Ligand SMILES: O=C(O)CCC(=O)C(=O)O
Ligand SMILES: [Fe+2]
Ligand SMILES: [Zn+2]
C-alpha cells in the first residue's frame, strides 16, 4: 500500500497481525521536534489539534519503523512496536498461607541501586519488604524512605513516633492490639508506602505486626461473596478523622477500588475511622453485611501473616494493598516504632527509572490510587 495517493486508514503490521488504523491515532504517536514526545508526557501539540480529515500521502513500514508523509505536509517516523497494549503494573502476590515475605539488608539497599531495584520488584510483587540491619538512629526511617521517593509531610509531621502515652491522641499511642487496616483512608490520597522502623521492640510475640494481602482477600470475596464484592466496589463509605482545632478530614470512597477493567487497584479499610453508616438509607444493611464479610476474611488466620519487627528492622509495604495490624504488648516494655510515608506514584516512578537504568522490563502503568 505504499505511495497510494491518499490513505484514509494506515495499514500497520504488528506481531504478525495487521490493522487499518485511524490516521489521527497514528499521528498522535509522532515524537518529532514539532510534536514533542507523547511517551514522556512532554507534548507540544495536543491530540485534538490533529486535523480531523488527516490522511497519509505515503506510508512505508520496514520492521517496526513506520515512515509517513501526511496530507498536511508533516512527516513522521514512528516505532509501531509501542502500539502493543502494555501490561499493567505487576501485582501478583502469593497467597498469605504460603508466603514468606522477602527480606533484605539495609546496607545493600542504601548503597546499591541494583538492590534498591530488587526491593522495588518485591514491593510490586508481594507488596512488602522486610529490611534487617538498620541503624537505630532517630532519623533512619526518613533516610531510608528517601531512597524510594520524597517523604510525605502531613499534619502528623514527617516522622510519626508510635509510643504509648497517657491520654493517647491515637490508637497508635496505646498498647492495645489493632485489627489489620490501611492507614489514613480518610484522605483523598492515602499514604502510598509505609516505612515502619523499630527503635525498641517488645518481646517476641508482643507488639508483632500482622500483615494481610488486601488484594488476595478482595479476590477471595469476589469468588465467595460476589454480591458483597459488588457493593464494596460500587458503594462509597465515609472515612473521617478529626483533631479539634487542627484537622477535619473526610472522604467518601470505596473500600475496594477497581480499575476500568474490573481489576482491584486499591483497598481502604480502617474501621477505626469509618463514619457511622446511615440507617435511614436504602442498601445500608447490605453495605454493613458486605463490610462484615470483608472483615471476616481479613480476620481469617490463613490470611494473616505475622512479622515480629526486631529493633533495627524496617518493614516497607504498600498501604493501598497490604493491611497491617499488631498484637498487644505489655506496659512493662517500652516499644517505639517510627513511621513515615512515601506516595505510591513516587515509588512506582523510582521503580521504572531503575528498571530502565538496568535494562529490565519497565513496569509501564500505575495501578492508580484507591479512590
Ligand atoms: O504500632 C504498630 O505496629 C502500628 C500502629 C498502627 O498501625 C496505627 O496506629 O495505625
Ligand atoms: Fe496503621
Ligand atoms: Zn510530528
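Derivation of every value follows stated rules applied to the coordinates shown; laboratory data play no part. Keep in mind it's a predicted model, so treat the numbers as computed, not measured. All Cβ positions, even for glycine, are placed from backbone atoms using ideal geometry, and neighbour counts span all protein chains on display.
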Over the Cα atoms of the stretch 10-83, each weighted equally, I'd like the Debye log10 I(q)/I(0) at q = 0.11, 0.12, 0.17, 0.19 Å⁻¹, rounded to two decimals. -0.24, -0.29, -0.59, -0.75
Could you list 48, 164, 233 in order of exposure, starting from the residue whose Cβ has the fewest other Cβ atoms within 10 Å? 48, 164, 233
Expressed as a whole number of Å, what is the distance separating the alpha-carbon centroids of the stretch 260-276 and the stretch 165-226? 14
Could you tell me which of rounded, prolate or oblate describes the stretch 99-222, using a ≥ b ≥ c as the square roots of the eigenvalues of the alpha-carbon gyration tensor, with rounded for a/c under 1.5 and, failing that, prolate when a/b is larger than b/c and oblate otherwise? rounded
Compare the peptides 334-341, 36-43, 278-285, 21-28 by average per-residue count of other Cβ atoms within 10 angstrom and give them in order, highest first. 334-341, 21-28, 36-43, 278-285
Calculated [θ] (222 nm, deg cm²/dmol) that DSSP helices of n ≥ 4 give over the chain, each run adding -39,500 (n - 2.57): -6500 deg cm²/dmol
Could you list 130, 200, 269 so that the one with the fewest beta carbons within 10 Å of its beta carbon is first and the one with the most is last? 200, 130, 269
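With the cut-off at 1.5 for a/c, could you classify the chain from its C-alpha gyration tensor as rounded, prolate or oblate?
It comes out prolate by the Cα gyration axes.
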Rank 61, 220, 178 by mean-square fluctuation in a GNM of the chain with C-alpha springs under 10 angstrom and give only the top-ranked residue. 61
Counting alpha carbon pairs within less than 8 Å and at least 6 residues apart, what relative contact order, in whole percent, applies to the chain? 23
Is the shape of the stretch 170-250 best called rounded, prolate or oblate, per the rule: a/c under 1.5 gives rounded, else a/b larger than b/c gives prolate, else oblate, with a ≥ b ≥ c the square roots of the Cα gyration tensor eigenvalues? oblate
The stretch 1-62 and the stretch 305-361 have their Cα centres apart by a whole-number Å value of 44
Among 119, 55, 218, determine the one that fluctuates most according to a GNM of the chain built with springs between C-alpha atoms less than 10 Å apart. 55
Which residue, 13, 359, 304, tops the fluctuation ranking in a GNM of the chain built on C-alpha contacts under 10 Å? 13
Could you give the angle, 0 to 90 degrees to the nearest 10, between helix 214-224's Cα long axis and the longest principal axis of the Cα atoms of the chain? 80
Per-residue Cβ neighbour rank within 10 angstrom, fewest leading, 83, 162, 317: 83, 162, 317
